[in-house]
Amino acid sequence: MARYTGPTTKIARKFGEPIFGPDRAFEKKNYPPGMHGVNKKRKKVSEYGTQLMEKQKAKFTYGVLERQFENLFKKASRMKGITGETLLQLLEARLDNVVFRLGIAPTRAAARQLVGHRHIAVNGKVVNIPSFTVKPGDLVSVREKSKSLEVVSDALSTNRHTKYSWLEWEKDSYTGKYLNNPERSDIPENIKEQLIVELYSK
């Protein structure tokens, strides 16, 4: 399974925000990477550069590679609604992201690993494909034999699953329900999706 495995703090510093989650190293070095990072004057970025940067930020935030992202955009453009918002909804509906949002894993990378190692089930059936699309009404649960995993119990102790209106969590059964696709105003990610639409429209 292909995925980005490079340095995360360096990427976060490039975008100027902790897109991979809480990061102590980022807090200490909240400036661009490189030997002149602290004093470096940021060059004026072109319109294309700004749009490309936004696409890169979305890709790294959700852990999606170029081909996957492009396919998701094409799918979003064929669906009803505003393309940019639909794109974010498709990203939010990925199984690895839902596992992360439910608080089963501390990061999306950890969520991908849980899914890939067959610790997660959808509607009672094991699914090991992180890009699997969760639909409204689907039940996402931790397998019985995986409930004792330290990474799961530690993550669930943060109560992050109570933060999102489109998700419902049943703590006794370690099961979450994907109630509906989230509205754009409910998605907390700082992504200017219209810039991504403009980039692909060129």
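As an exercise, use a Förster radius of 41 Å and the Cβ-Cβ distance of Glu168 and Leu65 to find the FRET efficiency, rounded to the nearest 0.05. Write out the running numbers ahead of the final one.
Numbers: r = 30 Å, r/R0 = 0.74.
Once the sixth-power term is evaluated, E becomes 0.85.
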Problem - Charged-residue dipole, Cβ positions (Lys, Arg, Asp, Glu), region 87-135 about Cα centre, Debye nearest 20 - result: 80 debye
Completion exercise
The ³J(HN,Hα) series, computed from each phi in region 165-174 with the Karplus coefficients 6.51, -1.76 and 1.60 at θ = phi - 60°, rounded to the nearest Hz and given as x for glycine or proline, is 5, 8, 10, 10, 10, 10, 5, 5, 9, 6
Exercise for the section: Distance check, please: which entries in Lys145/Lys171; Lys75/Lys177; Lys55/Lys75; Lys135/Lys177; Lys74/Lys192 exceed 21 angstrom between their Cα atoms? Expected result: Lys75/Lys177
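What's the local net charge at Phe132, with K and R +1, D and E -1, over the other residues with C-beta under 9 Å away? It would help to have the intermediate numbers written out before the result.
Details: positive: Arg94; negative: Asp96.
Summing Lys/Arg as +1 and Asp/Glu as -1 gives 0.
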Exercise for the section: Calculate the spin-label point distance for Leu139 paired with Lys125, positioning each point 7 Å from the Cα along the beta-carbon direction, and give it in nanometres. Expected result: 1.5 nm
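Express in % the proportion of alpha carbon pairs of region 129-202 at distances exceeding 21 Å.
On the way: 1182 of 2701 pairs.
Counting pairs separated by more than 21 Å, the tail of P(r) holds 44 percent.
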Fill in the blank from the handout: Taking Cα atoms only, Rg over Rh for region 103-155 with Rh from the Kirkwood formula is 0.93
Practice task
Mind giving me the nanometre distance, one decimal, between the label points for Ile82 and Glu183, set 7 Å out from Cα along Cα→Cβ?
Solution key: 1.2 nm
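Quick note: the coordinates plus some simple rules give every number you see, no bench work behind them. Computed from a predicted model, the values in this text were never measured in an experiment. Because the Cβ atoms are built from the backbone with ideal geometry, glycine has one as well, and the counts that use them run over all protein chains shown.
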